[in-house]
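What follows is calculated from the coordinates using simple rules that are stated; it is not laboratory data. These numbers come from a predicted model, not from an experiment. Backbone-built Cβ (ideal geometry, glycine too); neighbour counts: all protein chains shown.
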Amino acid sequence: MRTRFVLAPLVAGALLASPLRAQATRDITGKVTVVGTNAPVPEASVSIFGQPVGVRVNERGEYRIRVPAGDVTLLVRAIGFQRLTRLIPPGAQSADFSLEKDPLQLEQVVVTGTATTLEKRNATTAITAVSSVDLSRAPAQSIENQLQGKVLGATINMNTGQPGGGGQIQIRGVTSILGQGDPLFVLDGVIMSNNSNSSGLNGITQAGGGIGGSQDGVVNRLADLNPNEIESIEVLKSAAATAIYGSRATNGVVVIRTKRGRAGQTRVNFTQRVGTQSPERIVGSRRFTSLDQALEWADNRGEDEDLVRELFAGGVPAYQNFQEQLYDNRDPSYETVLSASGGNDRTQFYATGTQKVEQGTARKTDAKLQTARLNLDQSFGTRLRASVGMNFTRNNLRRGISNNDNIGISPIYIFGYTPSFIDLDKKDESGRWVENPFNGGGPNTTNPFQTFDVLASSEDVYRTIGNANVTYSAFVSGNHSLDINAQIGVDRYQQDGNQYSPAILQYELNDGLPGTAIEANVNARNLNSSLNAVWTFTPGWYWLTGATTSAGLVAEEQGQNVYRMRGRGLLPGVPNFNQGQQNSEQTRTLFRDQAMYVNTDLRLMQEKLTISGGVRADRSSANGDREKWYYFPRASASYLFDHPFNNVDNFKLRAAYGQTGNRPRYGDRDLTLASGGVIEGRPTLVVAGTIGNPGIRPETLNEVEFGFDGAFLRQRVAVEATHYSRVITDQLLSPAIAPTSGFGALILNAGELTNKGYEAALTVVPLQTRDWNWSSRASYQTSKQQVRDLPPYVPPFPVAGSFGDAYGRSYIREGYSTTAIWGNAPVELDAQGNVVRQLPIGTLITNPSTPTRIVPIGDANPRYQISFNNQFSYKSLGLSFLVDWRHGGDVANMTNNLYDEGQMARDYDAPSPIDTMTLGQYRYRAWAAGRDTRVYVQDGGFVKLREIALTYDVPTSLAHRLSTRLSSLSFQLQGRNLALWSDYWGADPEFNNFGNTNLNRFIDLAPYPPTRSVWSSVNVGF
Amino acid sequence: MRIGARAALLTGAVALVGCNADRLEVPNYNSPTPDGAAASPLVALAQASAGIFTQMRGLGTGPVQQFGIYGREAFNYTPQEGRNTTGYLQTPTDNTGFGVGTFGGYFTLLRNTYNFRQVVEAASQSLTAAQVSATKGFTSTVEGWDMLLYIMSRHDLGGPTEITDDPNFIAPFVSRDSVYGWALGKLNTGLTELQAGGTAFPFTVTAGFAGLNTPADFAKFNRAIAARALAYRGSLSTGAARTQFYQQALQALNASFINPSGSLDLGAYHVYSTAAGDATNTLNMVTNLDLVAHPSIVPDAQAGDRRLAAKIRSIPVKNPPVPNAISTTVAFSRYAAQTTPLPIIRNAELILLRAEARYFTGDLAGALADLNVIRTTDGGLPALTAADIALEDQFITRLLYERRYTLLLEGHRWVDVRRFGRLNTLPLDHPSHVRAAQMVVPTQECDSRKNTGDASLAAPSCP
């Protein structure tokens, strides 16, 4: 075992050092203030250079520290300020410090282990941290929104515009084809579930099979997180950083810390926000200008021409902008946050409660989030520290219907087939909604205005997240200390989905069973615990300034029980599935993982050189061999040049290597049979379509990363750049096999996926005076990946979760990116039948018999992404905005396809490349029933003004005039999604019909339109 | 050191509780495992046999509708899915298109019968030799039926006929005639096994096989399927071979449940139910409003043909979801409810098969009599005379007419016109429409075979 040799000298060092030597000491006192003022820096800490633990200043900025009698270097630091060190001569009893602001945010600590951290300036890997201030500049539907454009190296896309949000975070690209694709979310040490589970809408929409489906506009459970509770978010990207999380870390780790109490007078903070929302962009409808045009449409579509004549009896009817009518909810959204923090030297607390009601733009849709959190820190004597956190959340969502469906109920879908000259937003004399007479009429179709008024669709989540952390200083002497730390985390939630579709709905007769009631329940339980020993050795030598070594044991468990019941043909007015014809489904999963690790962080050469290394061993119930340990080593180093030249404050080179894993899915290891349904009341046993693999093992990500960080011109300019190169080996794959084998697919470890990318950011502070401040950050990221070394028995295969080649889908093919979009196209063939080239779009209109082949026709991976973040302030007035630019990234625009098929696209009548055809006809005919997919695979590049905030912090003197009890008062005007510039035809190129998916994440099919919101807030502190 | 001892104790406790390998033994909560099935072999036998019936049923409505569209009996005019129309009528040779229809399902059933043999093997200690033989006979018969249905869909392409333990094993495509031969071989083996099968099957046979649910009676079903295979093979052959196949078909018919004076509906059926987890007949007229009939069905019927009124109903004009296709005002009333059984093979077909076999073995009078049974009892039409079928061409025309209307929406017309070389009698409703002779092999199969690099394993019809 390689690690043993790395650790051996350390262990020897520990044994040789004699820790029991007594030393003469003295006390130093002083005050820490903000430079140029007399204002205290309340969060500052003072320590002896090289030692991890120091003392904190009190509210007045005063400190007292016990130091050795001789020469001593004191280090003073605080988040938001530049650090300061000073040599204190023997005999000196006091030292005051004044700190400069740190606009580049270099003074942070970063996670290096389950129980250890390192200062950001010494970090050996690329680090992205988002503070609570940056996070919550403008309210958002869910936290993914608030992270967009702020996490270098991550691609964050929302899935929908529905209230409650939901989105996908992919760090450094696609890392898995079959396995988990989401990062690991760790909240105060609790490994948090971000699962997505349907609340049963599919049982009505029949978009796919079953009662619940991935096309139901499913929200991922990160939506339960309340951003107001968050102090900071750190995103671990590099495998060298995430290796400490073992076999669940290939997708990166998002470490979230909540706010904690601080000793001192109890502070109360109150925030009230009020906002309103509107659709940021809708796809619109075709406008009819004459009866003839309408009749031609009716004739083409096989609709009732007499009805059309009737509607045109009084001239051309008014244009019905269905989408603006249905998505017209402008009711105020609001958010109230109350928090209190305080305590004494021994006990600190932080308590907060939030009530948030976000209205959806569609009628009768909303998201109500209520959370409460209590964080307690308690010292028992000098050796035992405990911290406890407890959160209760209720998240109640009414998200309406969107995305794909097969009964014509999804509004954007059905509007694509419903002419804009009929008014559906009305009721008849008896108070009943009018029916939609088009697109088949009767139970074949729906009136979305009726549906959104009558259908009751909700999801109610109750969630508890709790953590406890106990640290015992087992041993402190001289420059050695040993801490024993135990952590336990619990994440428990119940998701209760309810759908009630009463018999009066237009479509309800379509299955002969009027009335549908669905109850969808998810019970989830996630536990994690660890026991850690942390040995800190701080000799202060030049060659070994300090070392932190930790080792521990980890046990994790994730269980989930999903069951859904549906009743159809209900008794009138009773939303109870029990009374109708019933069916049900259930899926249970349970993972148990165990791990052991050892880590060390060495700070050498007066903290200029940092070397980090470790190994974690994991085993899991999901692996084929459950007793086998899989080892994930890591090693990384950085060297910091402190003021190497004039105008260069510091410059750090770093390099890292790490290995992480991604365990198989639940049940991948099992050879199974399956249920073939019921016949004559008898259960049936059939061969499963997918063959499990008892030898399945985790896929492994190997990554080499190197880069640099530099600060220049007295911290006015900062640059960071990183290159990474990843190879995922032993990929988890489920390739389809020859259908004539009688099976559908295999499960195996095979092939490689490579991903290379660059990340760079430039932060500048062009203006920094007493009154003026302007800081600006631009970041750039790009990545490219490729599938390699597929074994010969794995043919190119499509990935599950798409609508087939006619609309574009992901294929796993050697030599290509997994993000490539494949589809049909007319081609020129050589004599051997090989594709010479793709023929232009429109070929199949003029020459329908041209052969077509499945070829790569796009790529969902953007060429690059750039974010531009600006903050201005003048005295107490602040303005910030965030612009996100995605260059490239194709989208399979099935919404456009629907609107062309229904002959209802807003630009249907525009001129086309063929004189005799309108644009809509041209597109649809060129698509040729899916034989030329390219027409609807469109460039999804965009520039978005994601957030903008105007803040006014009322000066304390002014606030005190209102009430002397006020400690702070501020006002904000905030906007989110104010502008979207894109040539893309659809509503939002970020969205995906299937929610969070590793691949096929480019399918735009009748989504809920993106939401623009404007808020005003007031924040009062006591 | 008390503190050290406590820490050690704590460490030990966590190690025991958290890191005990036994805790990693997590069962599969969602799917049965072969080990679980092996533990209760008779339960497995009961459930796996029921599984064969559901798998057979899975090949019920799909192929009937697909053959129906290719045979210009039916259209699937789902408004939001034009490819149900274009895929069949315009681009049937597109390996990725909708016109590919059912393919893997035929082999899934074959995989299930392969597995079922192992289930029987595991349960054999609890069964008598006769019961084992009966079970084998059942399995062989199902396999013969399955591959006959397959070759009806792929015709000249032929197909693979081998399944092994290795899921990666790829069997070569063999000729159409070899597939017929394989299916008939299975049926003949099955007959022998059924004959040694004693008095009852050791599992429940569905109500769709009422009257055919003992080994002896199931052998009659076996012979009915064999008769169909032999007649098809006969019609696709010439000269002595043709006569020989038809003679064998007559023998098979004699051993089947044919009964010219019995109900024409006697036979074997797929059964449906609206109960939870069960399947419904998706060709039903209540919920499937997108399945409509080809308009030619009305003018092509002879005046007074009762079958038209019995199986066809008028509907408001139904337009195709795509341009370049025709609208229709007729749909089917063949399957009245979601639970109406779907024929696998029935007496009417056997009588028509006998008419055909008799004609081509020289028994013109017998052929006329059989044809008239159908024509008069089912169609309510005047009987034909010998003059009406004097020429072979006349007979075929008459036979195809009776088969078209009696077996409407049971998956026959396309196969029938093709085997008598009359594919071009199917109407083309638009210049862009084509007549498909067979359904092509889907891309997934093409790619898997291409990927082996072995040209002898290539599938026909692949790009």
*Over chain A: helical MRE at 222 nm, DSSP H runs n ≥ 4 each giving -39500 (n - 2.57), nearest 500*: -2500 deg cm²/dmol
*Among B:N115, A:P89, B:T329, whose Cα sits farthest toward the positive end of the charge dipole of the protein assembly as shown (+1 at Cβ of Lys/Arg, -1 at Cβ of Asp/Glu, about the Cα centre)?*
A:P89
*Starting from the Cα of B:S296, step 7 Å along the direction of its Cβ; do the same at A:I504; then give the gap between the two resulting points in nm.*
4.9 nm
*For the stretch A:344-403 versus the stretch B:328-356, the gap between their alpha-carbon centres in whole angstrom*: 63 Å
*In the stretch A:568-666, which GluC sites (Glu not before Pro) fall in coil by DSSP and have 11 or fewer other Cβ atoms within 10 Å?*
A:E627
_Against the rule of thumb 2.2 N^0.38 Å, how large the Cα Rg of the protein assembly as shown comes out_ = 1.04
*For B:V43 and A:D625, FRET efficiency with R0 = 35 Å and r from the beta-carbon atoms, rounded to 0.05?*
0.70
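Grab the alpha carbons of the stretch A:664-756, take their convex hull, and tell me the volume per residue in Å³.
That works out to 157 Å³ per residue.
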_Global form of the stretch A:782-928, assessed from the alpha-carbon gyration tensor, a/c cut-off 1.5_ = oblate
_Local electrostatic count at B:L457 - Lys and Arg +1, Asp and Glu -1, tallied over other residues with Cβ under 13 Å_ = -2
*Taking the Cα atoms only, what angle lies between the long axis of helix B:2-18 and the longest principal axis of chain B, rounded to 10 degrees?*
20 degrees
*Backbone N within the stretch A:202-237 under 19 Å of label point (7 Å from B:Y29 Cα along the Cβ vector)*: A:211-213, A:221
*asked:* Placing +1 on the Cβ of each Lys and Arg and -1 on the Cβ of each Asp and Glu in the stretch B:381-439, which of B:A436, B:G421, B:L381 has its Cα farthest towards the positive end of the resulting dipole?
replied: B:A436
*Order of A:S387, A:S675 under a 10 Å beta carbon neighbour criterion, fewest first*: A:S675, A:S387
_Neighbour-count ranking [beta-carbon atoms within 10 angstrom, fewest first] of B:K318, B:K450_ = B:K450, B:K318
*Dipole size in debye (nearest 20) for the protein assembly as shown around its Cα centre, Lys and Arg Cβ +1, Asp and Glu Cβ -1?*
3780 debye
*Among B:I170, B:Y180, B:T192, whose Cα sits farthest toward the positive end of the charge dipole of the stretch B:151-195 (+1 at Cβ of Lys/Arg, -1 at Cβ of Asp/Glu, about the Cα centre)?*
B:Y180
*Ranked A:T29, A:T536, A:T125, criterion: other C-beta atoms within 10 Å, fewest first*: A:T29, A:T536, A:T125
*Around A:R221, what is the net charge, scoring Lys/Arg as +1 and Asp/Glu as -1 over all other residues with Cβ under 15 Å from its Cβ?*
-3
*Where nothing but the Cβ of Lys and Arg (+1) and of Asp and Glu (-1) is charged, how large is the charge dipole of the stretch B:57-191 around its Cα centre, in debye to the nearest 20?*
240 debye
*What nm value, rounded to one decimal, do you get for the distance between A:V476 and B:Q394 when each label is placed 7 Å out toward the C-beta?*
11.4 nm
*Label points 7 Å out from Cα along the Cβ direction at A:M605 and A:F971: separation in nm?*
5.5 nm
*Any idea what angle helix B:61-70 forms with the longest principal axis of chain B, computed on alpha-carbon atoms, 0 to 90 degrees, nearest 10?*
40 degrees
*Between the alpha-carbon centers of the stretch B:415-463 and the stretch A:652-684, tell me the distance in whole angstrom.*
36 Å
*Among the lysines, which fall within straight-line cross-link reach of A:K356, defined as a Cα-Cα distance under 20 Å, with same-chain neighbours fewer than 8 residues apart omitted?*
A:K259, A:K364, A:K368
_Which listed pairs, of A:K101/A:K608; A:K120/A:K875; B:K136/B:K450, have C-alpha distances above 26 Å, in listed order_ = A:K120/A:K875; B:K136/B:K450
